[in-house]
Structure formats: structure tokens, C-alpha cells
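S.K.: One structure coming up, written as C-alpha cells, with questions to follow.
What follows draws every value from the coordinates through simple rules; no lab data is involved. Predicted, not measured: the structure shown is a model, and the values here were computed from it. Virtual Cβ from ideal backbone geometry, glycine too; neighbours counted across all protein chains shown.
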Amino acid sequence: MKVPPKRNVATTLKLRRVAIDTYRENVAYLHRDCPIYRAEGFQALSKVEVSANGRRIVAVLNVVDDHNIVNPEGLGLSEQAFAQLRCNANDLVTIYHAEPPRSMDSVRRKIGGERLSPTEFQAITQDIVGNRYSKMEMAAFLVAAGQTGLDRDEVLYLTRAMTETGRRLDWHEPLVADKHCIGGIPGNRTSMLVVPIVAAHGMLIPKTSSRAITSPAGTADTMEILADVNLQPDAMHRVVRQQRGCLAWGGTANLAPVDDVLISVERPLGIDSQSQMVASILAKKLAAGSTHLLIDIPVGPTAKVRHMRAALQLRKLFEFVGDRLGLHLEVVITDGRQPVGRGIGPVLEARDVMQVLENHPEAPADLRQKALRLAGRVLEFDPDVRGGQGFAIARDILDSGRALAKMNALIDAQGRQHNQYPPGQLNYDIRADRDGVVTGVDNFLLARVARMAGAPMDKGAGVELLKKLADPVGKDEPLYRVHAEFPADFEFAARLNAERGSGYSIGDSEHVPQPYVEL
């Protein structure tokens, strides 16, 4: 007689909501004295399947000793897991050992350096977005993809798979423009200038942005100083239809949601592989309904991309994947020797943006110039704009005040921010150790100082640049000012400066590196 396969015996426990934000990971809490833990051998960090009322979730198990968290007869769920199960406190739930996701076999093959198929990438992304991977398993996938590498076809497969994990917007227009920078340059809030310029021209540019991953601020973090960025899909459609654009956080629109889950692992690990980056960017843009996309790749000694050869290789990868996804994609390579603008951190970057829009005499010239060049290239997607005319049109829109009026209209449509966020009141200056001119600025170190000071979580934290490349300085003259809101962050930032130095090089004018030429 054939014996049916053994199924773990279901065990029933009383549900408890544990008010802990586990940041995009389902976590279950079981007391060490629970008879189920002792009898069934549930181990800490193993995965369990929790079910009730026809719904089930997979969670990572934590074992606790405190009755105040969960008693021996109960099962606790973190905030995210509790919300997903859609049950009430004290409901009875059943718990099983969870089967490992089958797609982990593919991850192990990738760790071994093997090439994966479209079906395997689809299975991996579906398991991740279905919360069947722990953060350790996601980290294994990300490290494998980064270290063993993805060839260009695998990047295409991953992009398509990521796009299919969420909804896709359809604006029912033949030209939907967007612009994206790969990051690595502090400040650089050009999107907040490009969008109002392009929208004022009449082109559709629904800009959905992520929050900071490893930087002191993303576009969404900075725009949040001025307006609500957490727009639900219906609200975003309303704003875009009214204003021809928006500057919103993409997380609430459920666009390629697996990307947001992976970012939650990339952020603490500081992982930012190029293949994963290309897939992440293009999946979001495809899901957002973009038809025409401009990619900005800054190149510099302390940028993400440090050599022109690497920038050209990355451009080819973007163009290959974009072409096969049906995107009209153009790539520009820009100067990444130093931060763009004077502010690093949400409040300081928002101040730079508004000064440019207001044509303020103290507006940072480099931010204005770069934004106009990028906006000009986007405007040239318009078939009615001749090649080479975009810059002049963008400049006219900015100088005339139309871009400022459009930004204010966008802010009002999205919901004006009524909270006032001043720069952090705790501050200190980093000063030059000699006379000379600024010959080098370390983007990476300045970004770390700003993050240590509290950015982007603390809106007013960051770094205010007082000197840029080629500027003359005297000994003990301030190079930049660090702002923090809390004493602990103030101390962390100051300690980093004490250990790593200022991040500025001071020398003779002939040693100032030449800028990269935009292609």
C-alpha cells in the first residue's frame, strides 16, 4: 500500500500583534517555553507558514523569552505580517514548517556562476515579492548577481521579471517622458527642475522616484519638504492629468514592488551592483508607463562610475535592455567630480531647487546649468522641437517664471507641506588646513558625513557646501558646514570627519581636474 507523504501536523496558537516594524520582512515570535517549539523543533530564523481564515503567510521565526512579547500559548506577528494575514488579535492561527522556496535552487546555481533563464528570474522575483524569501536569502541573491555578474540577456530577463511583480500604468499617450540619474553624486536634484520645466512645455512627465538607498537624500525625500509624495494611484493620475506631471514616491503605486523589497536589503549592505541597478531603474520606468527616457551617468573619481570606459559600457547595457523593452532611451554622461548644488540632505537640497526656480541671485549655477541641459534633451523628445533647440526652450521656461509657477501648481495639487523644516540647529564647520584652491572633493565621504548627521531621516540634517572645485581658500576658511538635529548624530558625523578628514584636497590651480564632457 502506498503511504501518502507526511505533512507537518498543524498546531494552533492564539494570535498576538507585536508592534515592531521589521521593515519589509514578515517576522513571527514564538515563546521558548511554547510546547510546539519544544515538540516540533521550530528553530530561530527558520521559516514558518502561518494560516487563518483561508489566508496564509510565510514568516521568519524569532524565539523570545519575554511573556510581555508573547506567552507560551500564543504566536506574535510583526506589524507587516499581522497586516498581511488580516486577522484580529486573539484569533486562532495554525503554524507549520514552511517549505523552502523552490527558486532558491536557482539562486544557488547563480552563486556557482551559472546562467539563469527567464523562467528562473520570474520565479525568484515572484517568491521575493510573495515574502517567501528571508532577508538573508535575498542578500544571497543580490551578492550572487553582483559578484558572479549578470550578462546583458540576464539583465533583460531580470528587468522583465521585476516589472511583472506589480501593476503597470498606462497613460494612453504616445509620448510619456522621464529622466533618471544613476546616483552617486550628492545634491544633484535636477529632477525637481526638469519636471516643472518639461510639464510647463506641455509634455507628460509623471516622475515616480525612490527614496534614498545609500545617499543622503533621494528625489522623493527632498520633494517631501515641499509637498506630499505618498500619492495613491488615483491621486497620482489626477495630479498628472491636471498638471502634466508629478514628483511622487513610487512605493505607493505598487510599481515593480520587488524592487522596493530588494532595496530594503541593499540599503544596509551598501550593495549597488550595475546589473541590479539597470534592472531596477528600467523596471520602474517600464511599470510607470514611460515611453521616452533620459539616463544621466555622472563620471568622476569618487562617483559610482569612475572611468569613461565603464560609463560607455554601462550606456551600452542601458541601450540594449531599453531597446528590447520598447523604450526610446538616451544616455548622457555628465561631470561627476563633485556634488551638484550647495546642499546635501533634504532641506538643503530643496532650498537649492527653489532658489533656481525663483531665479535667485544666490542660486547654485552648476545645478541650474545641468538641469537646463537635461531638460533640453528631454524636450527634444518632442517631435515638434528640433535637435539643439531644447536648451534654449528650457532656459526660456525657467527665466520667464513658468517653471516656478508649474512647481507651485504641482505642490498644491499633490498637497503642500505645511510643516517647516529648518536646517539642523547643531552644526560645525570643516576648515581648510592650508592656503590654495580646491583641487578635489570626495563625493563618497561627504555623502557619508551627511548620513551620519542624520540625513535623510532627519530632514534638516546634511552638509552645506561653502567651497567648490577651483575656488580659492585661505587657511582656516570654512569649506563646508555640517548640520544635525540630534546630539548623537552630531557626534557621529564629527567623529567620521576626525577619522577620515575633510574630503577636500587643497593645492595649486593647475591641479584642478578637468571636467568630463557630456556626450
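S.K.: Using θ = phi - 60° and the Karplus curve 6.51 cos²θ - 1.76 cosθ + 1.60, what whole-Hz ³J(HN,Hα) does each residue of the range 479-496 get, with Gly and Pro shown as x?
M.R.: After applying 6.51 cos²θ - 1.76 cosθ + 1.60, I find 9, 7, 10, 9, 10, 9, 9, 10, x, 5, 5, 4, 5, 4, 5, 4, 5, 4 Hz.
S.K.: Same structure again: May I ask you to give the average projected area over all directions of the convex hull of the Cα atoms of the range 11-97, in nm² rounded to one decimal?
M.R.: On the way: hull surface 18.7 nm².
Mean projected area of the Cα convex hull: 4.7 nm².
S.K.: Which entries of LYS47/LYS316; LYS207/LYS459; LYS207/LYS316; LYS304/LYS459; LYS304/LYS467 show an alpha-carbon separation above 32 angstrom in the structure shown? Walk me through the numbers on the way to the answer.
M.R.: Values: LYS47/LYS316 41 Å; LYS207/LYS459 21 Å; LYS207/LYS316 24 Å; LYS304/LYS459 24 Å; LYS304/LYS467 22 Å.
From LYS47/LYS316; LYS207/LYS459; LYS207/LYS316; LYS304/LYS459; LYS304/LYS467, over 32 Å: LYS47/LYS316.
S.K.: Please compute, for the alpha-carbon atoms of the range 385-472, the extent along each of the three principal axes and give them in descending order in Å.
M.R.: Answer, in whole Å and largest first: 49, 37, 20 Å.
S.K.: Going by how many other Cβ atoms sit within 10 Å of their own, how do PHE381, PHE486 line up, fewest first? Don't skip to the end; give the middle numbers.
M.R.: On the way: PHE381 21, PHE486 14.
Ordered by Cβ neighbours within 10 Å, fewest first: PHE486, PHE381.
S.K.: Can you give the % of DSSP beta bridges in the chain that are antiparallel, to the nearest 5? Don't skip to the end; give the middle numbers.
M.R.: On the way: 36 of 66 bridges.
That works out to approximately 55 percent antiparallel.
S.K.: Which of the three applies to the range 104-149, rounded, prolate or oblate, going by the alpha-carbon gyration tensor with a ≥ b ≥ c and a/c under 1.5 meaning rounded?
M.R.: oblate
S.K.: Using the Cα atoms of the range 426-511, I'd like the radius of gyration and the largest Cα-Cα distance, Dmax, both in angstrom.
M.R.: 12.8, 41
S.K.: How would the range 148-218 be classified by its alpha-carbon gyration tensor: rounded, prolate or oblate, with rounded meaning a/c under 1.5 and the a/b versus b/c comparison settling the rest? Before the final figure, lay out each step's value.
M.R.: Details: a/c = 2.31, a/b = 1.21, b/c = 1.91.
Cα axes put the range 148-218 in the oblate bin.
S.K.: If you fit an axis through the alpha-carbon atoms of helix 257-269 and take the longest principal axis of the Cα set of the chain, what angle between them do you get, 0 to 90°, nearest 10?
M.R.: 80
S.K.: Give me the percent of Cα-Cα pairs in the range 109-199 that sit more than 19 Å apart, rounded to a whole number. Walk me through the numbers on the way to the answer.
M.R.: Numbers: 2372 of 4095 pairs.
Cα-Cα pairs in the range 109-199 separated by more than 19 Å: 58 percent.
S.K.: As a footprinting exposure proxy, order MET192, MET104 by other Cβ within 10 Å, with the fewest listed first. Mind dumping the intermediate values first?
M.R.: Working: MET192 25, MET104 17.
Going from sparsest to densest Cβ surroundings: MET104, MET192.
S.K.: Would you please classify the overall shape of the range 177-413 from the alpha carbon gyration tensor, given that a ≥ b ≥ c denote the square roots of the eigenvalues, rounded means a/c under 1.5, and beyond that prolate means a/b larger than b/c while oblate covers the rest?
M.R.: On the way: a/c = 1.24, a/b = 1.18, b/c = 1.05.
Note, shape of the range 177-413 comes out rounded.
S.K.: Which entry in [x] 58, 26, 18; [y] 38, 31, 20; [z] 43, 27, 23 is this structure's computed semi-axes √(5λ) of the Cα gyration tensor in Å?
M.R.: Here semi-axes √(5λ) of the Cα gyration tensor in Å agrees with entry [z].
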